1. Give just the number: which of (1) away from every other protein chain (no Cβ under 14 Å); (2) surrounded by fewer than 24 Cβ atoms within 10 Å (Cβ to Cβ); (3) over 28 Å from the mean Cα position of the chain (by Cα); (4) closer than 22 Å to residue B:372 by Cα does residue B:325 not satisfy?
2. Which residue, of B:340, B:396, B:370, B:376, is buried (at least 17 other Cβ atoms within 10 Å of the Cβ) and in a loop (DSSP other than H, G, I, E, B)?
3. Of all residues in the stretch B:185-210, which are touching a strand residue (DSSP E or B) at 6+ places or on another chain (Cβ under 7 Å) and loosely packed, with under 15 Cβ neighbours inside 10 Å?
4. From the list B:280, B:366, which residue is closer than 22 Å to residue B:394 by Cα and modelled with pLDDT of 95 or more?
5. Please name all residue pairs, on different chains or six or more residues apart, with Cβ atoms under 9 Å, provided the first residue is in the stretch A:51-72 and is under 15 Å from residue A:23 (Cα atoms) and the second residue is part of a helix (DSSP H, G or I) and more than 10 Å from ligand 2 (Cβ to nearest atom).
6. State the number of residues belonging to the stretch B:71-92 that are touching a residue at least 60 places away in the same chain (Cβ under 8 Å) and either surrounded by fewer than 16 Cβ atoms within 10 Å (Cβ to Cβ) or not in a loop (DSSP other than H, G, I, E, B) (or both).
7. From the set of residues in the stretch A:55-65 that are facing chain B (nearest Cβ under 8 Å) and in a helix (DSSP H, G or I), which is farthest from ligand 1 (Cβ to nearest atom)?
8. Quick test of your reading of the structure: residue A:46 fulfils all but one of (1) more than 8 Å from ligand 2 (Cβ to nearest atom); (2) assigned to a loop (DSSP other than H, G, I, E, B); (3) more than 29 Å from residue B:303 (Cα to Cα). Name the failing condition by number.
Ligand code: SF4
Ligand code: SF4
């Protein structure tokens, strides 16, 4: 089966940068199309990740880029 | 939402507009019983959501229970303008000395409600306006102030009423306007408003149409036993129901409102109300649409994707035309993404599938870049909707 998510947009998070501010969650708050989610990979160790099935909904509003304290997010157009 | 006569009359009764004594019945036996109890001459009226039932035999008068039952049987067997008669309203028969007209609707050019009165009731108001324009009195009314007493009297005077009758009719006009406003009506009509031989003014018929988009704020309808529903000239198809579900995935934008047809060209059309124009253009050039639809208001990629999938999976589809007007809020790139994602999920290669894309406006550069990457033939704003429609039809007819 062909790849069905993230055909047009790639959102990436640099987790080591993000962790420095203990996951402020600002990106999750500002994104209008729910690209970001927090996961509890290990207990009490929350980590931000990208909801892949929503990646192609990104409208390039740049809110996450502007608000992220750590400049931990990058967004690429895949076309 | 169009209301049945009996539903409109529930509201009339609640709001103080006089109506005849009336009962709802679902079988000829029930009709017979009602007439036995009433001990009066009655009118039996088919309850359907279409006008013109009188001419089609949907109204009969009966003198006694037996006759009423017989006539009811006939009415229940009718199919009027495609509607089966499932309920009838049994009412005491009124003996008019005059049949009048009173109605309220919106005048879209004046952007205000207008109240219309006439001394010629009982016939279609459009017919009256055509044949006797001088008999139709139209009065624009301020939405906030409503009908003032003097305006009510003016309306009544133009129905040919005098003295006491004029005051009574003015009162009914005021109440009708209150209903119009309170229930968010698009139309409130009494035709005919009957002046009986013993001097009473009674709404013999009642016709209310409530604005679909405002229904959510009318919880009181449930208490009045008026179920909220969608007006539809027919039962929606499975395809249409699926499309509606897709539109409800998300509140953002529209990617639904689909009507199914039996053609071979799938349509994803819209943009500032252009859907109908595009649909007509396709038909004009001899195309056979598989569906009508509307996309607009910047729907999410997911909604466009799901709708495209639904259309592409429809049996008999040979190609897809994505045609929109120049868009100002729906984004060309998001539509393109949705369409391509759908094809991808269905294992369809965009470069090999008969697809034509004509769109322009918001984020068109991004949109065109995407389409180019996936080798989809597209037209920009230098091509008219008509040219695009023609090309789409040719695309299908050139298929081997
Ligand atoms: S650019 Fe906007 S839509 Fe895209 S991920 Fe960031 S906040 Fe979300
Ligand atoms: S806004 Fe930046 S720092 Fe804050 S949680 Fe998101 S990625 Fe991490």
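The values are calculated or read from the model by the stated rules, or taken from the named source; none is laboratory data. Note that the structure is a prediction, hence the values are computed from the model and not measured. Don't worry about glycine lacking a Cβ; one is built from the backbone with ideal geometry, like all the others, and counts go over all protein chains shown.
1. Evaluating residue B:325 over (1) away from every other protein chain (no Cβ under 14 Å); (2) surrounded by fewer than 24 Cβ atoms within 10 Å (Cβ to Cβ); (3) over 28 Å from the mean Cα position of the chain (by Cα); (4) closer than 22 Å to residue B:372 by Cα leaves (3) as the failure.
2. Details: B:340 fails: in a loop (DSSP other than H, G, I, E, B); B:396 fails: in a loop (DSSP other than H, G, I, E, B); B:370 fails: in a loop (DSSP other than H, G, I, E, B).
From the options B:340, B:396, B:370, B:376, the qualifying one is B:376.
3. Initially, the stretch B:185-210 is screened for residues touching a strand residue (DSSP E or B) at 6+ places or on another chain (Cβ under 7 Å), giving B:185-197, B:201-210.
Listed by number, the list holds a single entry, B:197.
4. Result of the check over B:280, B:366: B:280.
5. From residues that are under 15 Å from residue A:23 (Cα atoms), the pairs are A:72/A:16.
6. To start, the set of residues in the stretch B:71-92 that are touching a residue at least 60 places away in the same chain (Cβ under 8 Å) comprises B:82, B:86-92.
Filter again for either surrounded by fewer than 16 Cβ atoms within 10 Å (Cβ to Cβ) or not in a loop (DSSP other than H, G, I, E, B) (or both), leaving B:82, B:86, B:88-92.
The qualifying residues number 7.
7. A:56
8. (2)
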